[in-house]
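Worksheet: one structure, shown below.
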Amino acid sequence: MTALDLSSPVAVVGTGTMGQGIAQVALVAGHPVRLYDAADGRAREAADAIGARLDRLVEKERLTAAERDAARARLRPAAELGELADCTLVVEAVLERLDVKQELFRALEDIVSDDCLLATNTSSLSVTAIGGALRVPGRFVGLHFFNPAPLLPLVEVVSGFATDVTYATRAYETARAWGKTPVACADTPGFIVNRVARPFYAEAFAVYESQGADPATIDAVLRESGGFRMGAFELTDLIGQDVNESVTHSVWRSFFQDVRFTPSLAQRRLVESGRLGRKSGQGWYDHRDGAERPEPHTAEPAEPPAYVVAEGDLGPASELLALIREAGIQVREEDEDNGTRLVLPGGGQLVLADGQTSVEFRDVVYFDLALDYRAATRVALSHAPNTSPVTVAEATGLFQALGKKVSVIGDVPGMIVARTVARIIDLAHDAVAKGVATEDDVDTAMRLGVNYPLGPLEWSRRLGGGWACSVLDNLHQCDPSGRYAPSLALYRHAYASDEREGTS
Ligand SMILES: NC(=O)c1ccc[n+]([C@@H]2O[C@H](COP(=O)([O-])OP(=O)(O)OC[C@H]3O[C@@H](n4cnc5c(N)ncnc54)[C@H](O)[C@@H]3O)[C@@H](O)[C@H]2O)c1
C-alpha cells in the first residue's frame, strides 16, 4: 500500500503545539488540511498561526508566494467533528489522556469512512489501549512526531497489537512522502526514542546524586567527551523537568516498575520545588536574567609525564597512543595478557573506565570513555581517596599535554560517559531483541530523535562486542539492584562478537 494521495484531505484534531506542526507538514506536502480543536476559536487561531509560519518560509525563500497562497487555500478550520467526514487520515494531537483520546476516536469512527487511517501522536500512552475501543482497530496507528514537527525529520510509526500491516505501511509511506524519516516500531513503552534514551538522563542524575560531579561538569563531559549535542541537565532544562520526568515515570510504570527505568529522586525534588527549567526561570541551572552559568570543574595545569608504558590493548582508547606520541611523550608498548592500562613513571596506572571503582586497586586513575579521543576537548578522570597525588598529577598532565581539559570527578564506577553509553547500548540491543524495531531503525531514531552522535548499535560495534557488557557486569557488582544487569540480548551480542574475534 502506498502513501495517501495528495488530493485526499487530512485532518488534525487538537491544534496546540504538535497539532499545528503536523498540520503544517501535511499542508506543505500538498494535502487539503482540516483543523479541529475542542476549545472555541482554537482551530481558527491555529490556522492563523500556521499562515504566519508559511509567511516566514516565504521570507526565508523556502516556499514561493504562490505555494504559500495555495497552501493557505487548502487549510480549513472545522467547527464540528462532522466536517472531517471525507478525510482519509486523521491525526490526533489532543491532551495526553487515555480516556480523552479513546472518546475522541470512538466519536470519529462514527463520522469517517471505515478505511480512513486513524493516527495518534501520543508520546507515552499505549497505542493498543487507545485503539482498543475501536470498531475497526486495524486502521489505527501511532504517528509520533517530534517537536517542532516541521523541523525534526523523525516520525515513529507505531503498530499497536491490532494494527493491520497495510495501514501501518500506508502511514509509513505517507510520512515519507511528507519528507519525514519514518521508523517502524512496535507498541512498547516509550516506543524507540523515549525508551532507549532514558539512561542518558538517569545516569547523569545518578552521578550527581552520588556526589560524583556537579551538573555543569557532567554536562561538559557529556558534550566535550561523549560527543552529545547537549548535556542531560541543560537538555532537561530545555525540555522542562516536569515533561521529562513524566516521560520517565510513564515508561517506568508501563514496564511494571522495571528498576532499569527508575526515576530520579533529585529530579523529583527539582520538580516539587517548581524549578521546571527554562520556562520557569530555574531548573538545574539558573536561567534568570543576569544569572551566571556555573563553570565545569577543570583541573589546574600539571606537568606531563616524560613517558608512559602501554600494557595490553587499550580497546576503545587505542587512539590515545598515537595522540601521546604526537604530543612528544614517549610510549613504551608491552604485551600484557592480563589487563590493559597505561603505566605512569611514578608507578600509578591509568585505566579506561570499566564499571569498577578504583578503591579496589592500588594507585589507579580511571579516565572516561570519549566518542573520539582526537576530537574530544575534555576528558574526565576519577580516583580513590588513597590514590597517590603523583599519579593524579601525572594523569592530569598527560591529558593536558594532548590538548584536553581535565575534569576530576568523584570515584563513580563507570564514570559519566562510559556508564551512559553502556546502558544506552544495552537498551538498544534489548529493544531489537524484543522486536521493537530493527537495528537500523533504532540507530536512525536515536540519531534523528535525540541527536546522538552515533546510533547505539553502531556505537556498540565500534566499541567492540563485549565492551558494554563488561562495563555493565562490573557496575552490576557495585549496584546489584538490577539497574545495570546486562540484558540477555547484550550477553548474546558479546558472546557472538567474541566468537567472531576468536577470543572465546
Ligand atoms: N509537545 C511535545 O513536545 C510533544 C511531542 C510529541 C508528542 N506529543 C503529544 O502530542 C499530543 C499533544 O501535545 P501538545 O504539546 O501539542 O499539547 P497542547 O496542549 O499544546 O495542545 C493540545 C490541544 O488539544 C486540544 N484538545 C484537548 N482535548 C481535546 C479534544 N477532546 N478534542 C479536540 N481537541 C482537544 C486543546 O484545546 C489543545 O489545543 C499529546 O498526546 C502529547 O503527548 C507532544
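The values are calculated or read from the model by the stated rules, or taken from the named source; none is laboratory data. Since the structure is predicted, the reported quantities are computational estimates derived from the model, not experimental observations. Note that we place each Cβ from the backbone using ideal geometry, even for glycine, and neighbour counts take in every protein chain shown. Just so you know, the surface numbers come from the protein's heavy atoms only, side chains and all, with ligands and any DNA or RNA stripped out. Shrake-Rupley method; radii C 1.70, N 1.55, O 1.52, S 1.80 Å.
List the residues, sorted by chain then number, that are 5 or more residues from Thr120 or on another chain and whose placed amide H is less than 5 Å from its amide H.
Amide H to amide H, under 5 Å and 5 or more residues apart or across chains, Thr120 pairs with Glu92, Val141, Gly142, Leu143.
Quick one: with all protein chains in place, what share of the accessible area of the chain is carbon or sulfur, to the nearest percent (1.4 Å probe)?
So the carbon and sulfur contribution to the accessible surface is 50 percent.
So which chymotrypsin sites (Phe, Trp or Tyr not before Pro) in region 234-304 pass both tests, a DSSP loop state and at most 12 other Cβ atoms within 10 Å of the Cβ?
Answer in residue order: Phe256.
What are the trypsin sites (Lys or Arg not before Pro) within region 94-200 that DSSP puts in a loop, where the Cβ has at most 14 other Cβ atoms within 10 Å?
Sites meeting the loop and neighbour criteria: Arg97, Arg135.
If Lys and Arg each add +1 and Asp and Glu each add -1, what is the summed charge of the other residues whose beta carbon sits under 12 Å from the beta carbon of Val471?
Taking every other residue near Val471 into account, the sum is -3.
Could you order peptides 232-242, 290-300 by the average number of other Cβ atoms within 10 Å of their residues, highest first?
232-242, 290-300
Name the lysines eligible as straight-distance cross-link partners of Lys101: C-alpha to C-alpha under 28 Å, and not fewer than 8 places from it in the same chain.
Lys180, Lys279, Lys434
Could you report the chain's accessible area per residue, 1.4 Å probe, as an integer in Å²?
42
Filter the GluC sites (Glu not before Pro) in region 1-63 down to the DSSP loop ones having no more than 16 other Cβ atoms within 10 Å, then list what survives.
For GluC sites (Glu not before Pro) across region 1-63 that sit outside H, G, I, E and B with at most 16 neighbouring Cβ atoms in 10 Å, the list reads Glu61.
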